[in-house]
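Worksheet for the structure shown next.
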Amino acid sequence: MFHINHFRVISLLEGLSFLALLFAAMPAKYYFGLPEAVSVVGMAHGLLFMMFVLMATLVALRHAWSDRYTLMVIICGILPFACFFLDKSLKRQVEALA
């Protein structure tokens, strides 16, 4: 039920929503006076981040990830562009399981 490929999708969506918040919504708010952009994108990002943390925890338990690797995965959800590096690592795991 909690497969790594499902988590990869959530991870990429969360990372892209974070980038949209930083590089589209925030400039729209501060340079163009559109605070609604942050409200909408921020809400989507917040929901995706909660799903990301929940899925990371469930996948970590299912696939017996080490505490260190699980922490690294969670940190990748906080850093801009880290979702792309995380995706490479997760893809290697999927290939190793196949």
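Every number here is computed from the coordinates shown, using simple stated rules; none is lab data. The shown structure was predicted, so the numbers you read here are calculated from the model rather than taken from an experiment. Ideal geometry is used to build each Cβ from the backbone, glycine not excepted, and the neighbour counts take in all protein chains shown.
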**Item:** Computed lengthening from Ala24 to Asp67, 0.36 nm per intervening residue step minus Cα-Cα distance
**Value:** 12.1 nm
**Asked** Computed over the Cα atoms of the stretch 40-91, what is the ratio Rg over Rh, Rh following Kirkwood?
**Response** 0.99
**Message:** How many angstrom lie between the Cα centre of the stretch 4-32 and the Cα centre of the stretch 57-98?
**Reply:** 18
**Prompt:** Relative to the Cα centre, what is the charge dipole magnitude of the stretch 4-97, using +1 at the beta carbon of each Lys and Arg, -1 at the beta carbon of each Asp and Glu, and rounding to the nearest 20 debye?
**Reply:** 200
**Message:** Nearest 500 deg cm²/dmol is fine: what mean residue ellipticity at 222 nm does the chain get from its DSSP H runs of n ≥ 4 alone, each adding -39,500 (n - 2.57), divided by its residue count?
**Reply:** -26500 deg cm²/dmol
**Request:** Compute the normalised compactness of the chain: alpha-carbon radius of gyration over 2.2 N^0.38 Å, N being the residue count.
**Result:** 1.18
**Prompt:** Lys/Arg Cβ at +1, Asp/Glu Cβ at -1, dipole of the chain taken about the Cα centre: which of Leu97, Ala44, Phe85 is farthest positive-ward?
**Reply:** Leu97
